[in-house]
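Below you'll find the structure, written out as structure tokens, and then a few comments.
The values are calculated or read from the model by the stated rules, or taken from the named source; none is laboratory data. Keep in mind that what you see is a predicted model, and the values were worked out from it rather than measured. All Cβ positions, even for glycine, are placed from backbone atoms using ideal geometry, and neighbour counts span all protein chains on display. Ligands, DNA and RNA are excluded from the accessible area calculation, which covers all protein heavy atoms including side chains. Shrake-Rupley method; radii C 1.70, N 1.55, O 1.52, S 1.80 Å.
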Amino acid sequence: MTEIMIEVSDLSRNFGSICALDRINLQVKRGEVMGFLGPNGAGKTTAMRILAGLLAPTSGSVQVAGLDVLEQGVAARAKIGLLPETPPLYGEMTVREYLSYLAALRRVPRTQVRTAVERAMSRCGLESVSERLLRNLSKGYRQRAGIAQAIVHSPEVVILDEPTVGLDPIQIREIRGLIRELGGEHSVLLSTHILPEVRMTCNRVALISQGRIVADDTLEGLEKRAQSAGLLFIRLNNSPEVSTLAALPGVAHIESGEGGGWWITPHPQIDPTPAILRNAVEKGWDLRELSPASHSLEDIFVQLTTQEADPEAHAAGEMKP
Amino acid sequence: MRALCTIAYREWRSMFLSPLAWTLLAVLFAIAAYMFNAAVINYQLRLMQFQSYGGMGGGGEISLTEWTVAPMLGNAAVLMLLLMPLLTMRLIAEEKRQDTWPALASSPLSPMTIIGGKYLGLLLFLLVTVAMLGIMPLTLYFFGSPDTGQIVAGLLGLFLVTAAFGAIGLAASSATDSPIVAAFITFGVLLSLWIVAWMGDSAGSEVGKILTWVSLLNHYENFLTGVISSADLAYFLLLSSFGLVFARQRMVAERIRG
């Protein structure tokens, strides 16, 4: 289960003088759903186009299932299924014709095309519309047809570029369920800027901002990290002098907060919590509240994607799992 | 090979699933039939004149094929020159415009398979078109004895010239994301190649020779007179290959350029 299906090393891509991707490194293991998260224009689509072999990198390499997408492009593309931002649908074809056509192009053996198409349709819930023209399908079904074409040839790697954009909540939930399901069998790289989507579907997250990977971790790891770096809020009935609190080990900075409480910025290496608790008991400060300021995924996202101006902060944001 | 045929078949089928091919064929046949009719009537007139003057002192005769089929095929080629850009503009540019291109480009296909498949589909369409145009000369067999060799050569010429149009159209379609722009480019290139021989006689002898050789019209006219020469065959094959290779190079370059 630890076989690496996507291996991106030092990938860069320039468009003229604009650097869209800057030395990106990324690994996706077999059966993993990797969320590729970033604001619009961060380079997600460029990275996915390179991975799918639609675009050549300026430097660096991409291997999919052990095949180099540049050197062994044709063979590598047989292992990839791509859903671009707009599903690539031929309006004049029926769902079945369309999937059969692409299955044939993607080297599904002639005798197995039918089975492969049936399977893709049933996984994506397309059976009821199999004989309808693609141009007449609703947005939700079009999106599903797009996913079906990405998996019809059972590729090792499925790349989905913002698969839930423009869908209604019920459709979104269904598509997310499908993506989770895909994870077991295929390795999935899912680009999105919708944060709850990541929480619901992904095992791991790579955060990309301005062409660079600023974080690559599990979701829990990411939240934990943000929390540990976050503020503590304490409220005491018999509050001592500020200087006493500030002198506690692990307290880097303190300022007053609402309701007579205090916001404590912890020291990066020392957790102030034990000291606060011990002193509160021993000195009768009468502790009413002690809570980490909870960081939502959104906070992490904003925090990590808006610190480019500060190179030091950027370096700190660079994490390896 | 299987992928090539699959693409060709879809391309061919999609032409007939849209009103495009039908409209094109309808317009082509309506005008070609009118021209053929006019040519036949013209021939009758000439024949009557010829007979009333008693054969112009006995020398020569008026060839049925020369006066009816050749002008019809000549005009059909000009019509195709006008219509082909509209047919070929979709081949690649429209896929890009409608965002279906990634489905092909991310499939395990070499650029030449995609280009070749699309071209093969187009050739199938042209084969149908030329075969149907061939029905008109067939009707002549009811009234006289046309020159079968000349008719076959003419039809072959029409197929080759339209195939070359198609390859150039495909190249233009690969060069832009806008079908209309592709159509303009194709039309411009084809018309230039068609009329380039006009300068042939007046330009210097060496330049004139080159211009005459480059001209589509000159090579096509040889076929219409019933002459199938390897030089003309080579010309059309060369022109078609050029179009295909250009389109392939564009595809490769696009991966790099983005």
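Would you confirm whether any residue within region B:45-63 is more than 14 Å from chain A (Cβ to nearest Cβ), acidic (Asp, Glu) and in contact (Cβ under 8 Å) with a residue 24 or more places away in the chain? No, every residue in region B:45-63 fails to be more than 14 Å from chain A (Cβ to nearest Cβ), acidic (Asp, Glu) and in contact (Cβ under 8 Å) with a residue 24 or more places away in the chain.
Within region A:309-319, identify whether any single residue is assigned to a loop (DSSP other than H, G, I, E, B) and at pLDDT 70 or above, and answer yes or no.
Within region A:309-319, none of the residues are assigned to a loop (DSSP other than H, G, I, E, B) and at pLDDT 70 or above.
When the test is whether a residue is β-branched (Val, Ile, Thr), within 20 Å of the chain's Cα centre (by Cα), under 25 Å from A:Leu54 (Cα atoms) and open to solvent by less than 30 Å² (accessible area, probe 1.4 Å), A:Val158 passes it.
In region B:102-127, the residue that is nearest to the other protein chains (Cβ to nearest Cβ) out of those that are under 14 Å from B:Arg13 (Cα atoms) and open to solvent by less than 10 Å² (accessible area, probe 1.4 Å) is B:Gly117.
Considering A:Gly250, A:Gly260, the condition of being farther than 19 Å from A:Arg288 by Cα, open to solvent by less than 70 Å² (accessible area, probe 1.4 Å) and in contact (Cβ under 8 Å) with a residue 12 or more places away in the chain is satisfied by A:Gly250 alone. Within region A:17-24, at least one residue is within 9 Å of chain B (Cβ to nearest Cβ), in contact (Cβ under 8 Å) with a residue 12 or more places away in the chain and either touching an Asp or Glu at 6+ places or on another chain (Cβ under 8 Å) or over 30 Å from A:Ser128 (Cα atoms) (or both). Residue count for region A:10-44, restricted to those that are outside any strand (DSSP E or B) and surrounded by fewer than 19 Cβ atoms within 10 Å (Cβ to Cβ): 7. Does at least one position in region B:171-186 carry a residue that is loosely packed, with under 14 Cβ neighbours inside 10 Å and touching a residue at least 24 places away in the same chain (Cβ under 8 Å)? Yes, there is a match, as at least one residue in region B:171-186 is loosely packed, with under 14 Cβ neighbours inside 10 Å and touching a residue at least 24 places away in the same chain (Cβ under 8 Å).
Residues checked against (1) open to solvent by 20 Å² or more (accessible area, probe 1.4 Å); (2) touching a Gly at 6+ places or on another chain (Cβ under 8 Å); (3) assigned to a loop (DSSP other than H, G, I, E, B); (4) closer than 27 Å to A:Arg23 by Cβ:
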site: A:Gly166; (1), (2), (3), (4): yes, no, yes, no
site: A:Gln171; (1), (2), (3), (4): yes, yes, no, no
site: A:Arg176; (1), (2), (3), (4): yes, no, no, no
site: A:Leu190; (1), (2), (3), (4): no, yes, no, yes
site: A:Pro196; (1), (2), (3), (4): yes, no, no, no
site: A:Arg199; (1), (2), (3), (4): yes, no, no, no
site: A:Leu207; (1), (2), (3), (4): no, yes, no, yes
site: A:Asp216; (1), (2), (3), (4): no, no, no, yes
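For the structure I just gave you, tell me whether B:Gly243 is crowded, with 22+ Cβ neighbours inside 10 Å, modelled with pLDDT of 90 or more, part of a helix (DSSP H, G or I) and out of contact with any Phe, Trp or Tyr (no Cβ under 7 Å at 6 or more places or on another chain). Yes, satisfied.
Does A:Pro87 satisfy being facing chain B (nearest Cβ under 10 Å), touching a residue at least 60 places away in the same chain (Cβ under 8 Å) and open to solvent by 10 Å² or more (accessible area, probe 1.4 Å)? For A:Pro87, the condition - facing chain B (nearest Cβ under 10 Å), touching a residue at least 60 places away in the same chain (Cβ under 8 Å) and open to solvent by 10 Å² or more (accessible area, probe 1.4 Å) - is met. For residues that are touching a Pro at 6+ places or on another chain (Cβ under 7 Å) and more than 22 Å from A:Glu181 (Cβ to Cβ), tally how many sit in region A:95-146. Result for region A:95-146: 1. Select, from A:Ala104, A:Ala120, A:Ala116, the only residue that is closer than 26 Å to A:Val74 by Cβ and open to solvent by less than 10 Å² (accessible area, probe 1.4 Å). Just a single option satisfies the conditions, and that option is A:Ala120.
Taking the criterion of being assigned to a helix (DSSP H, G or I) and within 20 Å of B:Ala167 (Cα to Cα), the residues of region B:210-220 that qualify are B:Trp213, B:Val214, B:Leu216, B:Leu217, B:Asn218, B:His219, B:Tyr220.
Does A:Leu82 count as facing chain B (nearest Cβ under 7 Å) and either in contact (Cβ under 8 Å) with a residue 24 or more places away in the chain or of a type in the set (Val, Ile, Thr) (or both)? For A:Leu82, the condition - facing chain B (nearest Cβ under 7 Å) and either in contact (Cβ under 8 Å) with a residue 24 or more places away in the chain or of a type in the set (Val, Ile, Thr) (or both) - is met. Look at region B:72-99 and say how many of its residues are open to solvent by 20 Å² or more (accessible area, probe 1.4 Å) and within 14 Å of chain A (Cβ to nearest Cβ). Number of matching residues: 6.
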